[in-house]
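The values are calculated or read from the model by the stated rules, or taken from the named source; none is laboratory data. None of the values given here were measured: they were computed from a predicted structure. Methodologically, a virtual Cβ is constructed for each residue, glycine included, from the backbone with ideal geometry; neighbour enumeration extends over all protein chains shown. All accessible areas refer to the heavy atoms of the entire protein, side chains included, with ligands and DNA or RNA removed. Shrake-Rupley method; radii C 1.70, N 1.55, O 1.52, S 1.80 Å.
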Amino acid sequence: MTKNLLKTYRTKRKFSKTTEPKGTVDKKHDEPIFVIHEHKARSLHYDLRLEDEGVLKSWAIPKGPSTDPHEKHLAIMTENHPYEYADFEGIIEEGNYGAGNVIIWDRGTFRNLKDRPLKDCIKEGTVAVWLNGKKLHGGYALVRTHFSKNSWLFFKMKDAEAEVDHNILKEMPKSVISGKTVEEIGPKKKARR
Ligand code: MN
């Protein structure tokens, strides 16, 4: 099952040339996990990934997450990523798909706020989850738009965790794993002392 769900991911990559995981673990937990990667490729974006069916269902969000419910940001659904991708940060070398720097900007568990399986919510185009991250907390929604096949909007739901007067991307730019920014994780980092 997982094998088939990762077909596009694997087709796009040469695992002899990238340190990204091939995806061999078929892991299940009581609580599903989410991760948001900050990915400095040709253009900077954030990748939201939600665990479902043993893989990470993924959306690329050019403007990233916001804690302000009025800010609805475009999210492009991309190929499923393997479960192990939740641990990946570092460099995707030149010549590979998505070449650039990647950090784990936030990670944690989530709860599906709908009474249907997440895969059905995705099929129907309305996802609502409660995130328990290190940075993001509370309800977040993904709603499919009619602009194009894979375009969705990602936004904070109105609840006690919403904050309108913050820019969380600027205030909290570092990896929740290494403490490095997406620039610092790169290979051309200047020596620091
Ligand atoms: Mn990406």
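The residue that is farthest from Tyr97 (Cα to Cα), among those in segment 12-38 that are within 16 Å of the ligand (Cβ to nearest atom) and open to solvent by 20 Å² or more (accessible area, probe 1.4 Å), is Pro21.
Checked against the criterion of being touching a residue at least 40 places away in the same chain (Cβ under 8 Å) and open to solvent by 70 Å² or more (accessible area, probe 1.4 Å), the candidates Lys135, Lys149, Lys123, Lys119 yield just one match: Lys119. Sub-9 Å Cβ pairs linking a first residue in segment 53-75 that is touching a residue at least 40 places away in the same chain (Cβ under 8 Å) to a second residue that is among the polar types (S, T, N, Q) and assigned to a strand (DSSP E or B), at least 6 apart or interchain, are Glu53/Asn80; Val55/Asn80; Lys57/Asn80; Trp59/Thr78; Leu74/Ser151; Ala75/Ser151, ordered by first then second residue.
If a residue has to be part of a strand (DSSP E or B), away from the ligand (no atom under 11 Å from the Cβ) and either within 19 Å of Ile168 (Cβ to Cβ) or open to solvent by 20 Å² or more (accessible area, probe 1.4 Å) (or both) to count, how many in segment 66-110 make the cut?
14
Look at (1) crowded, with 18+ Cβ neighbours inside 10 Å; (2) touching a helix residue (DSSP H, G or I) at 6+ places or on another chain (Cβ under 9 Å) and you find that Lys63 fails only one, number (1). Residue pairs whose Cβ atoms lie under 6 Å apart, sitting 6 or more positions apart in sequence or on different chains, and linking a residue in segment 100-114 that is without any contact (Cβ under 8 Å) to a residue 60 or more places away in the chain to a partner that is open to solvent by 50 Å² or more (accessible area, probe 1.4 Å) and part of a strand (DSSP E or B), are Leu113/Trp130.
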